[in-house]
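Student: Sharing a structure below in structure tokens format, with a few things to ask.
No lab work stands behind these numbers, since they all come straight from the coordinates. Because the structure is a prediction, the values reported are computed rather than measured. For neighbour counting, all protein chains shown are included, and Cβ atoms are generated from backbone atoms with ideal geometry for every residue, glycine included.
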Amino acid sequence: MIKKSYPPGEKRKRRGRRNISEYGKELAEKQKLKNWYNLKEKQFRKYVKEVLKKRGKIEDAGSFLIKKLESRLDNVVFRMGFAVSRAQARQVIGHGHFLVNGKKTNIPSYQVKKGDKIALVSGASKKAVFQNLSASLKKHNVPSWIKLDIKKLEGEISGDPTLKEVVPPAEISAIFEFYSR
């Protein structure tokens, strides 16, 4: 008996790739960025709509959107190297393992500002998630807008994230076109 790599029955015809509409391209770009930052549709839409309202007042809407998304506490914790993914960063923040300017914060969407200090709660370093943290932080590349103190397990926001440094996987102008409909 010969085992074939396809199931039994009539073979279906394969269609060639169809051309994707403009709407489809814009939707795909939006989904890429939304999933990259691990956000729900409602949260992501709120950020984009906020930027669209300020479109005349700010010179570069794309970099402003990226600045807003990069300034979320869950993204900052991920960028600092305290979590291996943005999803894990959301979780450890939700469990109350981080201090912002000395106050316990469990809101992943908290917007950090220049000068804010983000630190690990003193007892959290004993948790299994943070066991090999100092070793992994030595290998981790931290963005230029974050100053990280590996010994104290804390970081400080020293500047603003830039579009050039972040390099998002999506075309931001297409996202604005999608939400402008």
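Student: Output the 0 to 90 degree angle, nearest 10, between the alpha-carbon long axis of helix 22-36 and the longest principal axis computed from the alpha carbons of the chain.
Tutor: Computed tilt is about 40 degrees.
Student: Testing the spin-label approximation: label points 7 Å from Cα along Cα→Cβ at ASP149 and ASN132. State their distance in nm.
Tutor: 2.7
Student: Taking 8 Å as the Cα distance limit and 6 or more residues as the minimum spacing, I'd like the relative contact order of the range 23-110 as a percentage.
Tutor: Worked out over the range 23-110, it gives 19 percent.
Student: Rounded to the nearest 0.05, what FRET efficiency is calculated for ARG181 and MET1 with R0 set to 41 Å and r the Cβ-Cβ distance?
Tutor: Efficiency, rounded to the nearest 0.05: 0.15.
Student: Something else about it: Which of LEU27, ALA61, SER122 sits closest to the plus end of the dipole of the chain, meaning its Cα is farthest towards the positive end, when Lys and Arg get +1 and Asp and Glu get -1 on the C-beta?
Tutor: LEU27
Student: Rank ARG55, ARG12, ARG45 by mean-square fluctuation in a GNM of the chain with C-alpha springs under 10 angstrom and give only the top-ranked residue.
Tutor: Result for the chain, Cα springs under 10 Å: ARG12 fluctuates most.
Student: Please turn the phi angles of the range 100-113 into ³J(HN,Hα) values with the Karplus equation 6.51 cos²θ - 1.76 cosθ + 1.60 (θ = phi - 60°), one per residue in order, whole Hz, x for glycine and proline.
Tutor: These are the phi-based 3J(HN,Hα) values: 10, 6, x, 10, 5, 10, 10, 10, x, 8, 3, 8, 7, 10 Hz.
Student: Could you tell me the calculated FRET efficiency between ASP160 and ILE20, based on Cβ-Cβ distance and R0 = 35 angstrom, to the nearest 0.05?
Tutor: Calculated value: 0.50.
Student: Oh, and also: Treat every Asp and Glu Cβ in the chain as -1 and every Lys and Arg Cβ as +1, leave all other atoms uncharged, and give the resulting dipole magnitude about the Cα centre to the nearest 20 debye.
Tutor: So the magnitude is around 880 debye.
Student: Taking the Cα centre of the range 72-157 as origin and charging only Cβ (+1 Lys, Arg; -1 Asp, Glu), how large is the dipole, in debye to the nearest 20?
Tutor: 40
Student: Take the alpha carbon atoms of the range 42-99, find their center, do the same for the range 143-168, and report the distance between the two centers in whole angstrom.
Tutor: About 13 Å separates the Cα centre of the range 42-99 from the one of the range 143-168.
Student: Calculate, in nm to one decimal, what THR105 and VAL121 gain on full extension: separation in residues at 0.36 nm each, minus their alpha carbon distance.
Tutor: Gain on stretching THR105 to VAL121: 4.8 nm.
Student: Also, I was wondering about something else. Which entry is the computed Cα extents along the principal axes in Å for this structure: (i) 65, 59, 26; (ii) 97, 63, 34; (iii) 55, 33, 31?
Tutor: Correct label is (i).
Student: Next question. How much length, in nm to one decimal, is gained on full extension between GLU41 and LYS54, taken as 0.36 nm per residue of separation minus their Cα-Cα distance?
Tutor: In short, 2.7 nm is gained.
Student: Could you state, as a whole-number percent, how many of the C-alpha pairs of the range 1-50 are farther apart than 18 Å?
Tutor: 59
Student: Using per-residue counts of other Cβ atoms within 10 Å, averaged over each peptide, order 79-91, 122-134 from highest down.
Tutor: 79-91, 122-134
Student: Nearest 500 deg cm²/dmol is fine: what mean residue ellipticity at 222 nm does the chain get from its DSSP H runs of n ≥ 4 alone, each adding -39,500 (n - 2.57), divided by its residue count?
Tutor: -11500 deg cm²/dmol
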